[in-house]
């Protein structure tokens, strides 16, 4: 851990440890590691100074912990149900909302002058990176307890998620097929911002742009555009008439 201990040693604000302890509920043992987890690529571009690697790790850890939670909570449910529930619990929008409620935005270092970041889901990614840092700092078992107490129990209302249709893109496709509409997703723009490709994707019905959204990958952009289109058209399910 010598590498992590040397990283950011001079850059850590004295109040950071206090704020982090308040968020975590325990005294962190490796401050530079957590500092990295809370640093977005727009501030530090090198891989050893931003949270992208920790996000990768935390994504896997969080997914495994949620899978374990669901496996034990639903002993008689089939694989498809468990997979869908896990998707509902750890999707980008859900994690981003949880991160904001937890106050991660205040601790995250990111380029605040970049307007596209303010409307993106970087805080959900930061939450995953934080889980990765927690795992490296205190181990898998204790991380499992923290995730259950700080994320799953207070923020993931499983009973409500059971009846929630989270895939807006599938909902939009279902409505379009049911009502004889032609649904397509078009890439309106693709550009480099802060060294990353930013996509603008539009959801079109019969050639007409209904909604558009931006994200750093096409999948996220199309999901956000689908959500906006579903809301704009007033679609509840495939039987909805929708607004023209």
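The values are calculated or read from the model by the stated rules, or taken from the named source; none is laboratory data. Everything numeric here is computed off the predicted structure, so don't read it as measured data. For neighbour counting, all protein chains shown are included, and Cβ atoms are generated from backbone atoms with ideal geometry for every residue, glycine included.
Of note:
- Some residue of the range 124-138 being free of Cβ contacts under 8 Å to residues at least 24 places away in the same chain and either in contact with a strand residue (DSSP E or B) (Cβ under 6 Å, 6 or more places away or on another chain) or over 17 Å from residue 56 (Cα atoms) (or both): no
- Scope the range 90-131; condition at pLDDT below 90, part of a helix (DSSP H, G or I) and over 8 Å from the mean Cα position of the chain (by Cα); matching residues: 115, 116, 117, 118
- Residue that is farthest from residue 147 (Cα to Cα) [pool: residues in the range 21-37 that are crowded, with 21+ Cβ neighbours inside 10 Å and touching a helix residue (DSSP H, G or I) at 6+ places or on another chain (Cβ under 6 Å)]: 33
- Residue that is surrounded by the fewest Cβ atoms within 10 Å (Cβ to Cβ), among those in the range 61-83 that are free of Cβ contacts under 8 Å to residues at least 60 places away in the same chain and within 16 Å of the chain's Cα centre (by Cα): 64
- Of everything listed in (1) over 18 Å from residue 34 (Cβ atoms); (2) at pLDDT below 95, the single unmet condition for residue 47 is (1).
- Count of the range 170-208 residues, restricted to those that are outside any loop (DSSP other than H, G, I, E, B) and modelled with pLDDT of 85 or more, is 27.
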